[in-house]
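Beneath this line is the structure, given in structure tokens, with notes to follow.
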Amino acid sequence: MSFTSDLRIVIKELGECMTMLHTLSNEANDFDYSKPLNNAWHTLNDERVKLNQVLDKASKDIQIGNE
């Protein structure tokens, strides 16, 4: 596998974790767990944005290297 393929898998898995966190947060609305779960979701989202930026740059660098 290539770096970009592996990174795409990581980003996909992170998205699935975020979906589970969102579901848990909704289920925990009546408890004190909702806020920490929401905070964790936002942290993961910030990291996913950064990983997508790395993926975009790596994809462009590979494209330039193949030209």
| message | With +1 on the Cβ of every Lys and Arg and -1 on the Cβ of every Asp and Glu, and nothing else charged, how large is the dipole of the range 1-47 about its Cα centre, in debye rounded to the nearest 20? | response | 140
| Spin-label model distance (nm) - residue 35 vs residue 52, 7 Å beyond Cα toward Cβ | 2.8
| query | Counting other C-beta atoms within 10 Å, which of 59, 25, 5 has the fewest, and how do the rest follow? | reply | 5, 59, 25
| request: Provide the gained length on full extension for the span residue 44 to residue 8, in nm with one decimal, where the gain is 0.36 nm per separating residue minus the Cα-Cα distance. | output: 11.4 nm
| request: Measure nothing fancy, just the Cα-based angle from helix 34-66's long axis to the longest principal axis of the chain, in degrees from 0 to 90, nearest 10. | output: 10
| query | In a shell of Cβ-Cβ distance under 10 Å around residue 14, excluding residue 14 itself, what net charge do Lys and Arg (+1) and Asp and Glu (-1) give? | reply | -1
| field | Theoretical ellipticity at 222 nm over the chain - DSSP helices of four or more residues, -39500 (n - 2.57) apiece, nearest 500 | value | -31000 deg cm²/dmol
| task | Just name one of 2, 41, 63: the one whose Cα is farthest towards the positive end of the charge dipole of the chain (beta-carbon charges, Lys/Arg +1, Asp/Glu -1). | result | 63
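Read-outs throughout are calculated quantities, based only on the coordinates presented, and are distinct from any laboratory measurement. The shown structure was predicted, so the numbers you read here are calculated from the model rather than taken from an experiment. When we count neighbours, we look across all protein chains shown, and the Cβ atoms used for this are built from the backbone with ideal geometry, even at glycine.
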